[in-house]
Amino acid sequence: MKMLIHGEWVDREEKINVVDPYDGRVIDTVPSGTAKDVKAAIDSAEEGFRINRDLPVHKRIEILKGTANILDERQEEFARTIATEGSKTIKEARKEAFRAAQTMTVAAEEARRILGETIPFDSMAGSENRVGYYYRFPIGIIAAITPFNDPLNLVAHKLGPAIAGGNSVVLKPATVTPLSALKLGEALLEAGLPPKVLNIVTGYGSKIGDAMVTDKRVRMITFTGGTEAGEEIVRKAGLKKIGMELGSNSPVVVAEDADLELAVESSVSGAFWAVGQNCIGVQRIYIHEAIYDRFESMFVERTKKMKVGRQLDEDTDMGPMITEGEAARVEAWVREAVEKSATLLTGGTREGTVFQPTVLSNVPEGVTIACEEVFGPAVCLFKVKDMDEAVAKANDVRFGLHAGVFTKDIKTAFKLIKEIDVGGIMINDSSDYRIDLMPFGGVKYSGLGREGLKFALLEMTEPKVVCFNL
Ligand code: NAP
């Protein structure tokens, strides 16, 4: 596929192979963009901004709804693209394609609700003769940088609200999964988006990232990705708005009175969805000692039933990891834990990009897999004596995106809601629960700001005050 600059689909001699992570087969190529391409894209986005700012809201709604319809009609095609360039199974990919259509639909609906309010100027002495209001106006050019693990829906989460709010966008999708994003770009143009409103530059973050994040004409960076890249971008960005959706190693707490069937089923799904390459994936499970043994054996038994294989096979439950390097990293983290006395309950083996679903117990404090984001199919089970210990351990990391709690006791639920430091806490669901319209984002090193269409729209617009001196 080609990249989209100044309304044209453009190619470059230097190409990047896009491969199926299961077997390394090249499925397509994209141009390897340069800093010059980024500059051209931003030049175009300057024009694009004026065009979208002046577009009536009902037109923006029509475009976003039209895009949602295309996503619905071609759901299977989008799902196959997701499941071929990335790690997701076809069943997981269908869900993502369905959600992307919903994301665009809600973006269209929210475009109608970008509201302001009147300001009671006469409530302050000396302002008796003034009347006025504020409304929300678009902030300008938004640079969007996206990761590989939800290559369609996380892009929709940036393009939908940016366009709804009247901005223009320069998008850089993940180098390993650019095709879903480019197809979404095609769908937006087909639905009537004026071409310069969206520019898409494909290429390595290390090569074109700086040109995107340091350009002073870019007024906001909306980034989803790892904490390290996020921090580097923040250091370089200068004076512009920043939205950061970063990583985590989400905790789940299973109380003594939990419904164990539910807790196991939901946590196994949360740990291995998208091969664990999921920012809200379950990584650390804190289980009350009274039910620990039963939970452990049920969890391991359920994990062993997962069928690992080729993403496009209908009966595959878990696909390959995104690259062999990533699979080898997870293997090394598991090995390190086992060498330092952790117990390997199942999994731990690797063939190329395929890493078996892995469950560890007795994981000592301080090993990498207990502290950092594993972003792979490995989960740690910890025995705790009470809920205070569960809270202390859940919080004892630098991340705080989502948490899950299983309990039937309302008091336990409210205690953990208050005490676990995260952006979202799910009671009787694992950390891996999200719908696209809720406020989504983290505390601590998991991020800055919130996505979820209404909330992203607030970040991507600013209030402008209007005051009449009568
Ligand atoms: P990543 O390595 O941080 O890359 C994310 C994006 O940033 C890619 O497009 C990458 O380009 C680009 N990039 C990397 N370094 C850059 C730089 N210095 N300047 C500008 N752009 C740069 O993350 P990933 O491996 O794709 O995704 C996994 C991470 O994303 C995990 O940590 C996960 O938790 C996080 N994530 C968070 C959320 C959330 O909503 N909180 C959702 C999904 C994923 P290249 O592809 O060319 O390297």
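The values are calculated or read from the model by the stated rules, or taken from the named source; none is laboratory data. From a predicted model like this one, the values you see are computed outputs, not experimental measurements. Cβ atoms come from the backbone with ideal geometry, glycine included; neighbour counts cover every protein chain shown. The protein model used for the area step is the full one, side chains on, heavy atoms only, and it has no ligands, DNA or RNA in it. Shrake-Rupley method; radii C 1.70, N 1.55, O 1.52, S 1.80 Å.
When the Cα atoms of the stretch 161-294 are aligned to their principal axes, the ranges along those axes come out at 60, 36, 28 Å in descending order. Straight-line reach from Lys216: taking Cα to Cα under 14 Å and skipping same-chain neighbours fewer than 8 places apart, the aspartates and glutamates in range are Asp43, Glu46. Compared with the dominant Cα axis of the chain, that is its longest principal axis, helix 260-272 is turned about 60°.
Gain in length, Asp11 to Lys216, computed as 0.36 nm per residue apart minus the alpha-carbon separation, to one decimal in nm? Before the final figure, lay out the partial values.
On the way: separation 205, 0.36 × 205 = 73.80 nm, distance 2.62 nm.
Full-extension gain reported as 71.2 nm.
Shown in residue order for the stretch 168-174 are the 3J(HN,Hα) couplings computed by the Karplus curve 6.51 cos²θ - 1.76 cosθ + 1.60 at θ = phi - 60°: 10, 9, 10, 10, 10, x, 4 Hz (x for Gly and Pro). The separation of the stretch 437-470 from the stretch 310-370, counted between C-alpha centres, amounts to 37 Å. Would you calculate a helix-derived [θ] at 222 nm for the chain, using -39,500 (n - 2.57) for each DSSP H run of n ≥ 4 and dividing by the full residue count, to the nearest 500? Using -39500 (n - 2.57) per qualifying helix, the result is -12500 deg cm²/dmol. Shown in residue order for the stretch 198-206 are the 3J(HN,Hα) couplings computed by the Karplus curve 6.51 cos²θ - 1.76 cosθ + 1.60 at θ = phi - 60°: 10, 10, 10, 10, 8, x, 6, x, 5 Hz (x for Gly and Pro).
If Lys and Arg each add +1 and Asp and Glu each add -1, what is the summed charge of the other residues whose beta carbon sits under 12 Å from the beta carbon of Ala41? Present the calculation step by step, with values, prior to reporting the outcome.
On the way: positive: Lys36, Lys39, Lys172, Lys196, Arg217; negative: Glu8, Asp37, Asp43, Glu46, Glu47, Asp215.
Residues close to Ala41 contribute a combined charge of -1.
Can you compute the FRET efficiency between Asp396 and Lys418 using 1/(1 + (r/R0)^6), with r the Cβ-Cβ distance and R0 = 22 Å? Round to the nearest 0.05. With a Förster radius of 22 Å, E is 0.80. The local environment of Tyr292, defined by Cβ-Cβ distances under 13 Å, has a net charge of -3 under the rule Lys, Arg +1 and Asp, Glu -1. By accessible area, using a 1.4 Å probe on protein heavy atoms only, the chain has 52% of its surface on carbon and sulfur. Summarising the amide proton neighbourhood of Ile119: residues at separation of 5 or more, or on other chains, whose placed amide H is nearer than 5 Å comprise Gly132, Tyr133, Tyr134. Take the Cα of Asp315, step 7 Å toward its Cβ, do the same at Glu232, and the gap between the two points is 4.3 nm.
Full extension of the segment from Ile410 to Ser341, taken as 0.36 nm per residue of separation minus the current Cα-Cα distance, would add 21.2 nm. Taking K and R as +1 and D and E as -1, what net charge do the other residues with C-beta under 15 Å from the C-beta of Asp436 add up to? My count for the surroundings of Asp436 gives -2.
Looking at the stretch 281-318, which GluC sites (Glu not before Pro) are DSSP coil and have at most 11 other C-beta atoms within 10 Å of their C-beta?
Details: sites: Glu289, Glu296, Glu301, Glu314; in loops: Glu289, Glu314.
Those satisfying the criteria are Glu314.
Label positions at Leu260 and Cys371, each projected 7 Å from the Cα along the C-beta direction, are separated by 3.3 nm.
Greater than 23 Å separation of Cα atoms is the criterion. Which listed pairs, Lys2/Lys241; Lys91/Lys196; Lys2/Lys158, meet it? Before the final figure, lay out the partial values.
Working: Lys2/Lys241 29 Å; Lys91/Lys196 34 Å; Lys2/Lys158 20 Å.
Pairs exceeding 23 Å: Lys2/Lys241; Lys91/Lys196.
Can you give me the C-alpha center-to-center distance between the stretch 1-75 and the stretch 175-201, rounded to a whole angstrom? That distance is 3 Å. The residues Lys172, Lys408, Lys196, sorted by heavy-atom accessible surface at 1.4 Å with ligands and nucleic acids left out, run Lys408, Lys196, Lys172 from largest to smallest.
Accessible area, 1.4 Å probe, largest first: how do His58, His157 sort? If you can, show how the numbers build up before the last one.
Details: His58 115, His157 0 Å².
Per-residue accessible area, sorted high to low, gives His58, His157.
The eigenvalues of the Cα gyration tensor, multiplied by 5 and square-rooted, give the chain an equivalent ellipsoid with semi-axes of 39, 29, 19 Å from largest to smallest.
Only protein heavy atoms count here; under a 1.4 Å probe, Glu462 has an accessible surface of about 60 Å².
Can you give the FRET efficiency for Asp72 and Arg25, using 1/(1 + (r/R0)^6), R0 = 30 Å, r = Cβ-Cβ distance, to the nearest 0.05? Each step should come with its number before you reach the end.
On the way: r = 29 Å, r/R0 = 0.97.
After rounding, the FRET efficiency stands at 0.55.
Relative to the longest principal axis of the Cα atoms of the chain, helix 324-339 runs at roughly 40 degrees.
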